[in-house]
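S.K.: Submitted below is the structure of interest, expressed as structure tokens.
Every number in this text was worked out from the coordinates using simple rules, so none of it is lab data. Just so it is clear, the structure is predicted and the values come from calculations on it, not from any experiment. Note that each Cβ is placed from the backbone with ideal geometry, even for glycine, and that neighbours are counted across all protein chains shown.
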Amino acid sequence: MNKNLPYPDTSAEHASLTLQEQIANEIQSHNNWISFNDYMQIALFTPSLGYYTGGSHKIGSAGDFVTAPSMTPLFGLTLARQLAPLLQQTAGNVYEFGAGTGELAVSLLAGLPETALQHYYIMDVSPELKQRQLELIQKQLPRHADKVVFLDSLPEEFDGVIIGNEVLDAMPCEVVRWTEQGTEQMGVSIVDDRFTWASRPVIDERILTEAMRIQPDKLPFTSELHLNQSAFIATLAQRIHRGAIIMIDYGFDEAQYYHPQRSMGTLIGHYRHHVVDDPFFWPGLMDLTCHVNFTAMAQAAVDNDLDLIGYTSQAHFLFNLGITEVLLNEHPDVNSKEYLQAAAAMQKLVAPHEMGELFKVMATGKNVDVDWQGFAVGDWCHKL
């Protein structure tokens, strides 16, 4: 256990120990091995005990990480400029997956023309976050609260704009190790009463096919496969009648993702604003995440009859949509404390060494205009 990291309080420690017992039982019932994908699923999404389904605050200064919407409403107000013309081409619905603490919903509701938006649907697996989202919307935008609908399952058909901000990175991933001797699937075993990495030959045809397709040049090489993420995009694509999918996340195109310099993969943990390399550190209390392979996401969309509309950095996307103009509209007095604070937050969204380059925006769609202002300059679709 890392002694430099904050120790959890009694209730959090008890929750993690209870979850660890469940994980151990699962491992033991499968001959002392489960895939890392299954471990990640249990650690993040076990009802009441998983990281995203437990009761602790995850996002913001008191949590484990910050997101763009939690830093400043400028993010959502700028994104609204792209959504407004799209809503006019559809039934006027927004579908947000993984709505966090509700800040993006609030800023989009504030930034979108009231006549353009019919419903704002929210899908989230966290009961605690759903409650926070509802409270924030009712407090800050009570007149819009009647447009917000919480969904427990996917609609059979989408007609509008789907948004996922830092959704794909939280989905469980497979971890694979390529060696001169062959390809191994990484999983979790128990050794000396501790969870530890353990490998076995790949027997799942889906994993083997994807691993063979990627086959990095440099060996040995350990990294992630994004089967769940691709399946999620495919499912959304199959259910879109008319509209678009906008995914915003940290990640790379496939050539960058499996570059020789990234031979240990991108899997990482986040605990109380600390980066943790050990994925078995306090299960249920630590976020686990892997970067997004945007090439695979684009392929899943195109394979299911969506148009690839654009792919670029978060900085390009926000600048194309006029985030500096939005800043001035919100804070006309450039000498005010509010302007300076908002400008500093904006800088974190767009600076190359902050979120500007690592975070990407990818849009796909069906039966909507493909010429978007957000991709007017710096579209990188050719890299996918």
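S.K.: For residue 238 and residue 134, what is the calculated FRET efficiency with R₀ set at 30 Å and r taken between the beta-carbons, to the nearest 0.05?
M.R.: 0.50
S.K.: Residue by residue, what Karplus-based ³J(HN,Hα) values in Hz, rounded to whole numbers, does the stretch 369-376 have, using 6.51, -1.76 and 1.60 with θ = phi - 60° and x for Gly and Pro?
M.R.: Residue by residue, the stretch 369-376 yields 4, 9, 9, 9, 4, x, 10, 4 Hz.
S.K.: Still on this structure, I have one more. Would you mind checking the tilt of helix 127-140 against the longest principal axis of the Cα atoms of the chain, expressed as 0 to 90 degrees and rounded to 10?
M.R.: Its long axis makes an angle of about 10 degrees.
S.K.: What percent do you get for the relative contact order of the stretch 23-152 when only Cα pairs under 8 Å and 6+ apart count?
M.R.: 21 percent
S.K.: Here's another thing I want to ask about it. How much of the DSSP beta bridge set in the chain is antiparallel, as a percent to the nearest 5?
M.R.: 60 percent
S.K.: Follow-up. Relative to the longest principal axis of the C-alpha atoms of the chain, give the angle of the C-alpha long axis of helix 36-45, reported between 0 and 90° and rounded to the nearest 10°.
M.R.: 50 degrees
S.K.: Taking the Cα-to-Cβ direction at residue 22 and at residue 371 and moving 7 Å from each Cα, how far apart do the two end points lie in nm?
M.R.: Here the answer is 5.2 nm between the modelled labels.
S.K.: Given the DSSP H assignment, sum -39500 (n - 2.57) over each helix run of at least 4 residues in the chain and divide by its residue total; what's the result at 222 nm in deg cm²/dmol, nearest 500?
M.R.: Calculated from helices alone, the mean residue ellipticity at 222 nm is -10500 deg cm²/dmol.
S.K.: Starting from the Cα-Cα distance between residue 149 and residue 329, subtract it from 0.36 nm times their residue separation and give me the gain in nm to one decimal.
M.R.: 61.9 nm is the gain from fully extending residue 149 to residue 329.
S.K.: How far is the Cα center of the stretch 67-81 from the Cα center of the stretch 17-39, in Å?
M.R.: Cα centroid of the stretch 67-81 versus Cα centroid of the stretch 17-39: 39 Å apart.
S.K.: Which log10 I(q)/I(0) values, to two decimals, does the stretch 285-384 give at q = 0.10, 0.19, 0.24 Å⁻¹ under the Debye formula with one point per Cα?
M.R.: -0.37, -0.96, -1.19
S.K.: Tell me, in nm to one decimal, what length is gained between residue 192 and residue 228 on full extension, where the rule is 0.36 nm per residue of separation less the Cα-Cα distance?
M.R.: Gain on extension, residue 192 to residue 228, equals 9.8 nm.
S.K.: Using amide H atoms built in the peptide plane, which far-off residues or other-chain residues are under 5 Å from residue 240 H to H?
M.R.: HN-HN under 5 Å from residue 240: 158.
S.K.: Under 4 °C and 1.567 mPa s, how fast does the stretch 31-366 diffuse according to Stokes-Einstein, given a Kirkwood radius computed over C-alpha pairs? Answer in µm²/s, whole number.
M.R.: Rounded to a whole number, D works out at 62 µm²/s.
S.K.: Right, another one. Holding the Cα-Cα limit at 29 Å, pick out from 147/337; 348/383; 147/348; 218/383; 130/360 the pairs that are longer than that.
M.R.: Where the Cα-Cα span goes over 29 Å, the pairs concerned are 147/337; 147/348.
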